[in-house]
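Colleague: First the structure, which I've put down as structure tokens, then a few questions once you've had a look.
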Amino acid sequence: MTDPSEVGIVFWVLSTVILVSAVMVVSLRNIFHCAIFLILTLTGVAGIFVTLNAEFLAAAQVLIYVGAVATLMVFGIMLTSDIASRRIEMTNQKAGVAVLACMVFALGVLFLIKITTKAGAGVWQTATEPLPADNVLTIGKQLMTEFVLPFEVVSVLLLAAMIGAIVLARREAS
Amino acid sequence: MPLVLMSLELIEIFRWAYGLLAELGLPPVWVMLISYGVIGVLMFGVLALLALFLVWWERKVAGHVQQRFGPMRNGWHGWYQTIADAIKLLQKEDVDIIARDKFVFFWAPVLCFVAAFLAYICIPFGKDLIVADLNIGILYIMAVTTFTVIALLMAGWGSNNKYALFGGMRSAAQAISYEVPMVASILTVIIYAGSLSMVDIVQSQNSFFGWFICRMPFGPIAFVTYIIAATAEANRAPFDIPEAEQELVAGFNIEYSGMKFAMFFLAEFINLFTVSAIAVTLFLGGWEGPWLPSWLWFLLKTLGIVFLLMMFRWTYPRLRVDQLMEFAWKFLVPVTFANLILAATMKYLGWYW
């Protein structure tokens with residue numbers, strides 16, 4: 001993926017897939033179809049990572065979001081009784097707040113694009129030299145040295161969530 | 001004789017063919033597209049044929065384990081039985097049930113079939129005989145095989161049938177549970193190989209005693225736990241509760257017929273070959289071996305593992321759902337993690353190469 005025109009085509013195709021399926025996620029009435037399109041969205045994001053030479057992130061994205069998060073969501077939908085035939089109503093009536101939230105988000109993204117693409121300014125450091133071929137090694141070392149504290153905090157957080165889920169499930173059973 | 005055999009490397013044929021293509025003077029984009037297309041079609045053909053062979057072999061193994069012959073009528077020992085079956089399935093009526101969820105019902109077998117093929121991008125069939133040596137090799141394979149779970153869930157839901165739904169849910173629960181010990185066993189190998197690339201993993205076990213299965217004491221443990229988890233991942237007995245015939249009629253594929261059923265069926269056998277090929281690459285030295293060409297070594301070792309998994313299927317009784325989960329979480333997960341810690345400690349202390 002070194003040829004810029006090639007990356008361009010792939011980028012536009014992937015972006016279209018991501019955006020169309022993201023709209024489908026929030027607009028379809030059948031919740032299972034929403035989940036399927038969510039999986040498609042997340043896979044598209046993994047594709048974007050591949051075009052950016054971040055293969056490890058792409059694989060992690062698919063493993064965690066598609067393999068674990070989305071599968072659990074689908075699992076939850078399947079365990080919910082009497083949801084198969086029901087067409088879900090759009091219960092959210094707060095259109096004004098939603099538009100406001102979207103605007104704030106869009107402005108934030110635009111601001112970020114502006115400050116990162118400013119010629120020569122380099123507010124955010126971007127790589128000037130080509131990425132190392134084996135970036136998995138670098139990521140691993142960084143996670144175990146410089147970013148070991150956030151890494152461990154995340155593990156503890158996940159452990160706490162897991163214990164919480166077990167406690168909730170047990171209380172329901174008794 | 002050995003020298004003649006050694007020279008039969010398949011990769012030489014590809015190099016020769018690519019050389020011919022490059023000499024034609026086409027634009028590089030066309031050369032790339034044609035070579036990718038040829039490789040894709042070849043992979044599809046080889047894997048489809050392989051799946052048909054495995055179906056036939058499975059029936060023969062099952063027959064002989066149960067003291068009968070298996071298919072015998074079509075050709076020598078029924079060799080073209082599965083080819084005839086495939087042609088029959090192709091022209092069978094595609095029964096379209098009314099209550100199904102059309103979109104999900106249609107795409108589930110397609111996704112299952114495609115996901116089964118994706119892993120073969122970075123499985124080394126022989127020395128240099130690999131489509132793309134990704135530097136995240138084994139991680140990529142683990143990632144794309146998760147799509148199979150999604151496909152089975154889609155099939156279970158889309159059929160709108162309680163047996164199919166149970167089959168889909170069981171398969172998801174099983175796949176999520178057994179992925180943990182599977183990844184932990186694979187990590188044991190990765191610690192010593194120092195790379196996720198499949199080619200690097202094979203090259204790091206370049207003699208018989210360097211094979212990861214021979215590295216005492218963690219190698220054999222990791223191999224056994226991997227094989228157990230892989231049997232569960234491939235949905236085969238004794239872990240075949242997603243399609244337990246006596247409980248769920250046929251599980252997630254109950255409503256499928258004709259070509260759609262054939263896609264699930266072939267995908268299942270391709271997945272069987274995939275998990276065996278990973279086992280060979282990680283633990284049994286991949287294509288390494290004396291005298292014979294590398295691709296033949298890979299094929300022989302992989303078929304050996306396939307035979308082992310087939311013997312499991314026809315000689316062990318099926319587990320109950322709760323036993324299956326208990327076995328994964330209360331036995332396999334602790335064992336694989338203890339093994340992983342042991343391997344990491346030995347590596348850190350330099351007790352092992």
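The values are calculated or read from the model by the stated rules, or taken from the named source; none is laboratory data. Note that the coordinates shown come from a computational prediction; the quantities given were computed from them, not determined experimentally. Quick reminder, even Gly has a Cβ in these numbers, built from the backbone with ideal geometry, and neighbours come from all protein chains shown. Protein only, heavy atoms only, side chains kept; ligands, DNA and RNA dropped before computing areas. Shrake-Rupley method; radii C 1.70, N 1.55, O 1.52, S 1.80 Å.
Colleague: State the volume of the convex hull built on the alpha-carbon positions of the stretch A:133-174, expressed per residue in Å³ and rounded to an integer.
Modeller: Spelled out: Cα convex hull of the stretch A:133-174, divided by residues, is 62 Å³.
Colleague: Can you grab the distance from the C-alpha centre of the stretch A:133-167 to the C-alpha centre of the stretch B:310-340, Å, no decimals?
Modeller: So the separation of the two Cα centres works out to 28 Å.
Colleague: Ignoring ligands, DNA and RNA, what accessible area per residue does chain B give at 1.4 Å, in Å²?
Modeller: 47
Colleague: So, one more: Take each uninterrupted DSSP H stretch in chain B, measure its Cα extent along the helix axis, and return the ones at 30 Å or beyond whose mean Kyte-Doolittle hydropathy is at least -0.5.
Modeller: Those that clear 30 Å and a mean of -0.5 are B:28-65, B:137-158, B:162-193, B:258-283, B:294-315.
Colleague: Let me ask something additional. Please give the solvent-accessible surface of residue B:101 in Å², to the nearest 10, using a probe radius of 1.4 Å with every protein chain present.
Modeller: Roll a 1.4 Å probe over it and residue B:101 shows about 30 Å².
Colleague: Would you list B:103, B:69 from the most to the least accessible area, probe 1.4 Å?
Modeller: B:69, B:103
Colleague: Find the Cα radius of gyration of chain B, compare it with 2.2 N^0.38 Å by division, and give the number to two decimals.
Modeller: 1.04
Colleague: Rolling a 1.4 angstrom probe over the protein chains, ignoring ligands and nucleic acids, what is the accessible area of residue B:170 in square angstrom, nearest 10?
Modeller: Near enough 50 Å² of accessible area.
Colleague: Contact order normalised by length for the stretch B:1-145, with contacts defined as Cα pairs under 8 Å and 6 or more residues apart; what percent is it?
Modeller: Here the relative contact order equals 17 percent.
Colleague: Let me ask you something else. Please tell me which of these pairs span more than 29 angstrom C-alpha to C-alpha: B:60/B:92; A:94/B:102; B:127/B:330?
Modeller: Beyond 29 Å: A:94/B:102; B:127/B:330.
Colleague: Probe radius 1.4 Å, ligands and nucleic acids left out: can you give me the accessible area buried at the B-A interface, summed over both chains, in Å² to the nearest hundred?
Modeller: Its buried surface, counting both partners, is about 2200 Å².
Colleague: Defining a contact as two alpha carbons under 8 Å apart and six or more residues distant in sequence, what relative contact order in percent does the stretch B:185-226 show?
Modeller: Across the stretch B:185-226, relative contact order equals 41 percent.
Colleague: Tell me the relative contact order for chain B as a rounded percent, counting alpha carbon contacts under 8 Å between residues six or more apart.
Modeller: 23
Colleague: Right, another one. Pop the C-beta distance of residue A:166 and residue A:27 into the FRET formula with R0 = 30 Å and round what comes out to the nearest 0.05.
Modeller: The computed FRET efficiency comes out at 0.25.
Colleague: Going by accessible area, probe 1.4 Å, with all protein chains left in place, what is the ranking of A:55, B:58, B:12, largest first?
Modeller: My answer, sorted largest first, is B:12, A:55, B:58.
Colleague: Oh, and also: Any idea what % of Cα-Cα pairs in the stretch B:300-353 are farther than 17 Å?
Modeller: Looking at the stretch B:300-353, the distances longer than 17 Å represent 64 percent of pairs.
Colleague: Using r as the Cβ-Cβ distance of residue B:16 and residue A:115, and R0 as 41 Å, what FRET efficiency do you calculate, to the nearest 0.05?
Modeller: 0.15
Colleague: Give the calculated FRET efficiency between residue B:74 and residue A:148 to the nearest 0.05, with a Förster radius of 51 Å applied to their Cβ-Cβ distance.
Modeller: That gives a FRET efficiency of 0.25.
Colleague: Let me ask something else. Considering all alpha-carbon pairs of the protein assembly as shown, what whole percent are spaced by more than 37 angstrom?
Modeller: Across the protein assembly as shown, Cα pairs with separations above 37 Å total 36 percent.
Colleague: Mind ranking B:348, A:65, B:36, B:178 by accessible surface for me, highest first, 1.4 Å probe?
Modeller: Descending accessible area places them as B:348, B:36, A:65, B:178.
Colleague: Related question: Any chance you could check the stretch B:159-189 for residues losing 50 Å² or more of accessible area when the partner protein chains are in, compared with the chain on its own (1.4 Å probe)?
Modeller: B:169, B:176
Colleague: Let me ask another. Rolling a 1.4 angstrom probe over the protein chains, ignoring ligands and nucleic acids, what is the accessible area of residue B:77 in square angstrom, nearest 10?
Modeller: 70
Colleague: Round to a whole angstrom and tell me the spacing of the C-alpha centers of the stretch B:93-122 and the stretch B:222-237.
Modeller: Each part reduced to its Cα centre gives a spacing of 24 Å.
Colleague: Can you list residues whose amide H is under 5 Å from residue B:257's amide H, if they're 5+ apart or on another chain and H is modeled 1.01 Å from N?
Modeller: Distant-sequence amide H within range of residue B:257: B:95.
Colleague: Once every DSSP H run of n ≥ 4 in chain B is given -39500 (n - 2.57) and the sum is divided by its residues, what mean residue ellipticity at 222 nm do you get, rounded to the nearest 500 deg cm²/dmol?
Modeller: -22500 deg cm²/dmol
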